[in-house]
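Let me begin by presenting the structure, written as structure tokens, before commenting on it.
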Amino acid sequence: MQLYLKYLSILFRSQMQYRTSFWLLTFGQFFIPFSVFAGLYFMFSRFGELQGWSFFETALCFGVIHMAFSLSECFVRGFDVFSSLVVSGEFDRLLVRPRSTIVQVLGSKFEFTRFGRLVQSAVVLGWALWNLPIAWTPLKVLTLMMMVAGGILIFAGIFILNATLCFWTVQGLEVGNLLTDGGREMAQYPLNIYHKRVTLFFTFIIPFGCVSYLPLLFLLDRTQGHGLLYALLPLAAILFLLPCLAVWQFGVRHYRSTGS
Amino acid sequence: MGNPIISLEGIGKTFKVAKRAAGVRQAAKALFYRKHTFVEALKDISFTIREGEIAGYIGPNGAGKSTTIKVMCGILVPDEGDCKVMGYTPWKSRTAYVGNIGVVFGQRSQLWWDVPVIDSFELLRDIYKVPDTRYRKNLSMLTETLALADLIHVPVRQLSLGQRMRCEIAASLLHDPRILFLDEPTIGLDAASKIAVRQFIKTIHKEKGITVILTTHDMNDIEALAERILMIGKGSLLYDGSLDELRRRFGSSRTLTVDYRDCLRPVDIPGAVRHSWSPQQAVYTFDSAQISLTGVISQLSEQAEILDVAVDSKSVDELILQLYKEHQI
């Protein structure tokens with residue numbers, strides 16, 4: 001962990017060498033989800049509500065997922081662009097250093113410009129929370145934080161799975177983006193508006209539902225009993241991440257026996 | 001010379017390579033169906049390197065040099081055979097093992113591009129968990145021997161290739177490795193930088209007694225540094241011995257250029273081959289193991305008034321080329 005922070009520091013200093021591009025990209029990142037959010041806003045101003053969900057309830061969901069996405073894109077970027085490490089042979093360099101490959105790949109790249117996106121989603125989240133009549137308890141505050149944290153872990157897991165595929169294909173695949181971008185677009189709305197199968201997939205296979213829709217029910221006191229269960233569901237993200245890490249280790253072993 | 005530090009026993013490695021034919025159509029076909037061929041990158045490679053040796057590992061491109069280095073560094077797992085480095089099997093206990101080795105890939109940087117060199121050094125200190133006192137001692141030693149004082153506060157991207165290579169080598173020695181792997185450390189360097197790098201490798205070897213494995217295509221590196229040559233071709237180890245031994249084997253041939261006062265007839269000398277002749281100069285080659293230099297000159301001086309002679313022995317490049325030829329690689 002300490003080493004991770006050291007990597008963070010050196011890459012931050014590197015990024016600061018290119019200040020203009022940093023500010024421009026950050027600015028751009030602020031506006032990308034902004035347009036998506038504007039779409040959400042205008043849809044609600046036209047139709048009023050979405051299957052029983054109000055604008056601010058949906059905005060809360062949107063804020064949580066986009067915050068998790070921007071944080072994971074910033075801090076787990078090393079896995080997102082992992083194919084470039086394999087193609088350039090830089091991964092060999094990581095293997096001759098006496099640290100775990102996971103820390104080193106995480107530390108190989110950060111995308112600080114995602115800060116713009118983070119600010120934008122934080123604003124949306126704050127606005128939603130301000131306007132929702134939530135009766136706050138310490139557990140609800142914890143749940144909200146766990147929703148974001150769990151979201152980061154799920155996105156991280158998908159990035160890692162996608163990176164692992166590079167050991168076989170060398171070049172990056174867009175399959176992962178299907179799940180990250182697709183998952184993000186799906187999970188920014190309450191999941192029960194979709195077809196049942198979609199909901200099941202994003203609850204039990206890739207548990208975005210466990211960090212957005214289901215704990216959202218708890219925050220809004222819409223659960224029928226089992227409140228605590230809903231509150232703690234974001235922990236399911238850990239259950240998703242663990243097998244992803246195991247698959248990664250398997251991939252590293254494969255790489256070292258093929259040298260591809 | 002110390003105890004064996006690296007030993008390879010019958011290492012073999014086969015790669016599965018997809019066959020590709022030219023043309024868009026073939027490429028499209030390859031999306032669905034691919035033929036594979038198996039390439040034997042290493043065949044039954046065995047050798048031992050003793051602690052404190054400098055071994056030059058040579059061979060033409062694609063001969064298996066890098067593959068062997070990768071096996072010894074723990075990056076690659078061989079299909080068969082056994083490799084022990086300092087008691088470790090490199091690919092089995094990777095993290096415990098690699099803290100004891102330093103690796104320089106001449107073509108790839110291990111420094112962080114946009115920050116001053118010293119920042120990279122500090123991060124490497126943390127990666128290798130080098131204690132602070134040892135780090136400072138090593139840093140000052142390396143700064144002095146490599147003349148880095150002016151470089152370490154400059155961002156890496158502003159360094160010349162030669163300056164960068166000096167920093168690369170320093171970076172790989174911060175954690176006191178016992179073995180240093182240098183993969184083409186002089187590639188692309190100008191003459192002065194090459195000599196500086198060689199000089200430094202020599203110094204560090206002498207002072208620290210570090211074992212050095214060096215791959216290169218520049219035979220001057222080998223001549224300046226390596227006491228021992230390992231040559232690999234088509235995946236097999238073809239030669240393992242000293243440079244002097246190689247010289248004895250192939251290097252007994254000499255070229256003699258003689259200038260003399262006008263001599264109207266070409267002079268033949270038994271045992272030597274005449275390559276060119278003019279009334280002022282002639283070039284002969286002969287095998288110094290068969291006929292002595294004084295013998296050739298004395299026979300010549302009987303026929304002509306010699307003004308000047310120049311004797312050349314084969315360069316290391318030519319020796320290696322002859323070795324390649326002998327093995328048809």
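The values are calculated or read from the model by the stated rules, or taken from the named source; none is laboratory data. From a predicted model like this one, the values you see are computed outputs, not experimental measurements. When we count neighbours, we look across all protein chains shown, and the Cβ atoms used for this are built from the backbone with ideal geometry, even at glycine. Ligands, DNA and RNA are excluded from the accessible area calculation, which covers all protein heavy atoms including side chains. Shrake-Rupley method; radii C 1.70, N 1.55, O 1.52, S 1.80 Å.
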Sorted by chain and number, the residues with a modelled amide H under 5 Å from that of A:F110, at a separation of 5 or more or across chains, are none
Cross-link candidates for B:K92: which lysines have Cα within less than 16 Å, leaving aside residues fewer than 8 places away along the same chain?
B:K70, B:K84
Expressed in Å to one decimal, the Kirkwood Rh of the protein assembly as shown from all distinct alpha-carbon pairs is 28.7
Based on the Kirkwood radius over alpha-carbon pairs, what value in µm²/s does the Stokes-Einstein equation return for the translational diffusion coefficient of chain A at 25 °C and 0.890 mPa s?
127
Express the relative contact order of the stretch B:216-306 as a whole percentage, based on alpha carbon pairs under 8 Å and six or more residues apart in sequence.
23
I'd like the residues of the stretch A:1-32 whose 1.4 Å-probe accessible area shrinks by no less than 30 Å² going from the isolated chain to the full set of protein chains.
A:L3, A:K6, A:Y7, A:I10, A:R13, A:S14, A:Q17, A:Y18
Accessible area per residue, 1.4 Å probe, Å², for the stretch A:1-79: what's the number?
51
Length-normalised contact order for chain B - Cα pairs under 8 Å, 6+ apart - percent:
18
Other-chain or far-sequence residues with amide H under 5 Å of B:Y239's (modelled H)
B:M231
Going by accessible area, probe 1.4 Å, with all protein chains left in place, what is the ranking of B:W277, A:W130, largest first?
A:W130, B:W277
Between B:S140, B:S236, B:S120, find the one with the highest GNM mean-square fluctuation for chain B; connect C-alpha pairs within less than 10 Å.
B:S140
Could you compute how much accessible surface A:S257 exposes when probed at 1.4 Å, giving the result in Å² to the nearest 10?
50
Using a 1.4 Å probe and counting only protein heavy atoms, how much accessible surface gets buried when B and A come together, both sides summed, in Å² to the nearest 100?
2700
Unit charges on C-beta of K, R, D, E only; dipole of chain A, Debye
560
Convex hull volume per residue for the stretch A:111-260, taking Cα atoms only, in Å³:
130
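So, for chain B, what is the accessible surface per residue at a probe of 1.4 Å, expressed in square angstrom?
48
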Percent carbon-and-sulfur accessible area, the stretch B:193-327, ignoring ligands, DNA and RNA, probe 1.4 Å:
48
Long-range amide H contacts for B:S288: which residues qualify at under 5 Å (H placed 1.01 Å from N, peptide plane, sequence gap of 5 or more or a different chain)?
B:S253, B:R254
Residues of the stretch A:58-104 that become at least 50 Å² less accessible with every protein chain present than in their own chain isolated, using 1.4 Å: which are they?
A:D92, A:R93, A:L95, A:V96, A:R97, A:P98, A:R99
Just by accessible area at a 1.4 angstrom probe, what is the order of B:R166, B:R25 from largest to smallest?
B:R25, B:R166
Kindly point out which whole DSSP H helices in chain A project their C-alpha atoms 15 angstrom or further along the helix axis while averaging a Kyte-Doolittle hydropathy of 1.6 or above.
A:138-169
Per the helix-only model, chain B has a calculated mean residue ellipticity at 222 nm (DSSP H runs of ≥4, -39500 (n - 2.57) each, divided over all residues, rounded to the nearest 500) of -10000 deg cm²/dmol
For the stretch A:33-181, with all protein chains present and a 1.4 Å probe, just round the carbon and sulfur fraction of the accessible area to a whole percent.
70
Choice from A:F208, A:F55, A:F42 with maximal GNM fluctuation in chain A (Cα, 10 Å cutoff):
A:F42
Hey, how much of the P(r) for the stretch A:1-142 falls beyond 21 Å, as a percent of Cα pairs?
56
Which distance in Å, rounded to a whole number, links the C-alpha centroids of the stretch A:78-123 and the stretch B:71-118?
20
Per-residue HN-Hα couplings for the stretch B:65-71 [Karplus 6.51, -1.76, 1.60; θ = phi - 60°; Hz; x = Gly/Pro]:
4, 4, 4, 4, 4, 4, 5
Taking Cα atoms, the helix B:316-326 axis meets the longest principal axis of chain B at an angle in degrees (rounded to 10) of 90
Quick shape summary for the stretch B:1-124, equivalent ellipsoid via Cα gyration tensor, semi-axes whole Å in descending order, reads 32, 24, 13
Can you give the accessible area of A:D181 in Å² (nearest 10), computed on protein heavy atoms with a 1.4 Å probe?
60
As a test question: what accessible area, to the nearest 10 Å², does B:D308 have when a 1.4 Å probe is rolled over all protein chains in place?
80
How would you classify the stretch A:1-43 from its alpha-carbon gyration tensor, with a ≥ b ≥ c the square roots of the eigenvalues: rounded for a/c under 1.5, else prolate if a/b is greater than b/c, otherwise oblate?
oblate
Accessible-area order for B:H217, B:H175, B:H327, A:H195, largest to smallest, probe 1.4 angstrom, reads A:H195, B:H217, B:H327, B:H175
Please report the base-10 log of the normalised intensity I(q)/I(0) for chain B, using a Debye sum with one equal scatterer per alpha carbon and no solvent, at each q in 0.09, 0.10, 0.13 (1/Å).
-0.64, -0.74, -1.01
